[in-house]
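J.: Mind having a look at this structure? Questions to follow.
The values are calculated or read from the model by the stated rules, or taken from the named source; none is laboratory data. Computed from a prediction, not measured in an experiment: that's the story for all the values here. Positions of Cβ are generated from backbone atoms using ideal geometry, with glycine treated the same way; all protein chains shown enter the neighbour counts. Protein only, heavy atoms only, side chains kept; ligands, DNA and RNA dropped before computing areas. Shrake-Rupley method; radii C 1.70, N 1.55, O 1.52, S 1.80 Å.
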Amino acid sequence: MAASDMMPALMELCQEKHIDQLYLIDRLEQSLAKSYAEILHLEWGAKVTIDRTTGKIYVYRLEPIDDSMDEEGNFTEFEEIDVTPKNTSRIAAQHAKAEINAIVRNSAREQIYEEFSGRIGDLISGTVLQSTPDFTIVKIREGVEAELPHFDQRRYENERNERPMGERYLHNQHIKAVIIDVRDPNSTLPPVRGEHSRPPIVISRTHPELMRRLFEQEVPEIYEGTVQIKSIAREPGQRSKVAVHSLDDRLDPVGACVGPKGSRVRAVVGELRGERVDVILWDADPAVYVANALSPAKVTRVLIDEEKAYAGVIVPDDQLSLAIGKEGQNARLAARLTGWHIDIKSETLAADILKNVPVHEEPAADLIGDEEDDDARRCEYVSEDGIQCRNQARPGSRFCGVHDTDAFYDAEDLI
C-alpha cells in the first residue's frame, strides 16, 4: 500500500467501524515504534510519526542526551535521528489491521459492559449457537452473545459450572437463563482462561435467581409485588423449594403460584426441564415455617431452640422416610430454605424423650441436647476428627439413635 493510499483507507475503516481517526493513528504510531525498535535493534527505542495529510511514515532512533540524566540515573531527553527504512507502508498496513481489530473488539466489549453490567440478575432469552465440553455460547440478539459455562471443576477450580445436572443443549435451541456476571474489558484483575476470546456476558441456569425470575414471568401477583418469594432452595436439575408469602390476607400465595390446574408452576417446571418444584407457605412462626418446609411430609410437632437455631421435628413413624426424602434431599432442602438446623425424629423415638417433660416447659433443649446443663447425657460417639456427637443419648444407652440404631436422622448431616 502506498503512503498516499493509506490515509484514505484508514479514514474509510474508521467511519465503517465508528473509530476515532486520531485515536487510531496514535495507537498505530505506538505499535509501530515498538516493532521498529526490535527490527532495527535500537537500544534506546524508536519514535514513529505518521503525517496526518500524506500518510508518510517517519522512523526516528532515540539517542539520549548526556546532560539530561535525572537523580535516579534515567535519561529524560533524547535526540531523534531519522532512520526511516524503505517499505514502511507495508509494515504499517499490517499493524493497522491488527490495531483496528483490537480496537473494534475492545469497543464492542465496552459497549456490552455499559449496557449489561446493570442488568445482573435479569432473565434473558436466547438461542444456542455452539456448545463445547466447557461452555455453551448463547445468542441474545444480533451482535451480543453470552456464555453459559459448565467446566469440570475438578480440572478447572477457578471456573464456573452453571448448567444443571443432566441438561444438554442443541444448536438453535431456545433457552432462558439469568445474568450473573459481565466481564469488564478494562479490569485489572487477572483474566480467566481464554477470557478475551469468550463472550463478556456470563449466564446461569443453576442460580436460585432464575427460579425467582421465572415465577415473576408466570405469576402476575409476584411481578406486581402482592405475593413475595421469601426464600429459595435449589438442587438444580432435581428439586427445588420456594417459600411464598402474600401481603393480601384474602389471597392464597401458594394457589397463585400453582395456578389453575397447576398451569403456572407447570410452565416453570417445563422451562427447568422437569425439575420438581415445591411451593410452600412462608410463616413468621419458625415452627410453622419448618413444618411447611418439610412438605409433603406431615409433621406432628416442631420444637424450637432459637439460640442455637435448632428445630426438633417429630413426625409419624410412617412419615419419617418421606420427611427425610431420597438420600436426605427433602430434609436438606428444608434446612437450606428455612436457615434452621433440623433434627427429625419419629413419634416412637420422641415419645421416650417427651413423656417426662411437663407440658408447660420448653422441651426443645431436651430434644436437641443441652451441652451446658446436661453434657453427660450427650451421645458418647467421637468421630475420627475428635469431635463428639452433639445429639442426646437414647434412654438406657450411651449413644444417640444415629450411632446406636438407625432410628435417628439429622438433616444437617445429610447436607
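J.: For the stretch 115-145, what are the residues that are closer than 28 Å to residue 155 by Cα and in a loop (DSSP other than H, G, I, E, B)?
T.: 120, 121, 132, 133, 134
J.: Next question, about the same structure. Can we say residue 185 is crowded, with 19+ Cβ neighbours inside 10 Å, modelled with pLDDT under 95 and touching a Lys or Arg at 6+ places or on another chain (Cβ under 6 Å)?
T.: Answer is no for this residue.
J.: Could you figure out which of (1) closer than 24 Å to residue 325 by Cβ; (2) modelled with pLDDT of 95 or more isn't true of residue 227?
T.: Here residue 227 meets the rest and fails (1).
J.: Mind checking which pairs have a first residue in the stretch 70-83 that is among the aromatic types (Phe, Trp, Tyr) and a second that is open to solvent by less than 90 Å² (accessible area, probe 1.4 Å), Cβ under 6 Å, 6 or more apart or different chains?
T.: 75/64; 75/68; 78/62; 78/64
J.: Let me ask you something else. Would you pick out the residues in the stretch 303-341 that are among the hydroxyl-bearing types (Ser, Thr, Tyr) and outside any strand (DSSP E or B)?
T.: 321, 338
J.: Oh, and also: For a quick check of your reading of the model, give me the residue pairs whose first member lies in the stretch 265-289 and is free of Cβ contacts under 8 Å to residues at least 60 places away in the same chain, whose second is open to solvent by 40 Å² or more (accessible area, probe 1.4 Å) and assigned to a loop (DSSP other than H, G, I, E, B), with beta-carbon atoms closer than 6 Å and at least 6 apart or on different chains.
T.: 280/295; 289/283
J.: Also, quick follow-up: Inspect all residues belonging to the stretch 187-202 and state whether any of them is free of Cβ contacts under 8 Å to residues at least 60 places away in the same chain, aliphatic (A, V, I, L, M) and assigned to a loop (DSSP other than H, G, I, E, B).
T.: yes
J.: The conditions are (1) closer than 20 Å to residue 237 by Cα; (2) open to solvent by 30 Å² or more (accessible area, probe 1.4 Å), and residue 98 fails exactly one of them. Which is it?
T.: (1)
J.: Going by the structure shown, is residue 251 part of a loop (DSSP other than H, G, I, E, B), more than 30 Å from residue 103 (Cα to Cα) and among the hydrophobic types (A, V, I, L, M, F, W, C)?
T.: Taking the combined requirement at face value, the residue satisfies it.
J.: Run down 199, 191 and say which single residue is more than 30 Å from residue 281 (Cα to Cα) and buried (at least 16 other Cβ atoms within 10 Å of the Cβ).
T.: Exactly one residue qualifies, and that residue is 199.
J.: Could you list, in sequence order, the residues of the stretch 216-243 that are within 15 Å of residue 334 (Cβ to Cβ) and not in a loop (DSSP other than H, G, I, E, B)?
T.: Across the stretch 216-243, the qualifying residues are 230, 231, 232, 233, 234, 235, 239, 240, 241, 242, 243.
J.: Right, next: I'd like the full set of residues that are open to solvent by 10 Å² or more (accessible area, probe 1.4 Å), within 23 Å of residue 229 (Cα to Cα) and of a type in the set (A, V, I, L, M, F, W, C), limited to the stretch 303-329.
T.: The answer is 309, and nothing else.
J.: Sticking with this structure for a sec: If I go through the stretch 54-69 residue by residue, how many of them are assigned to a loop (DSSP other than H, G, I, E, B) and either within 51 Å of the chain's Cα centre (by Cα) or within 20 Å of residue 91 (Cβ to Cβ) (or both)?
T.: Matching residues across the stretch 54-69 total 3.
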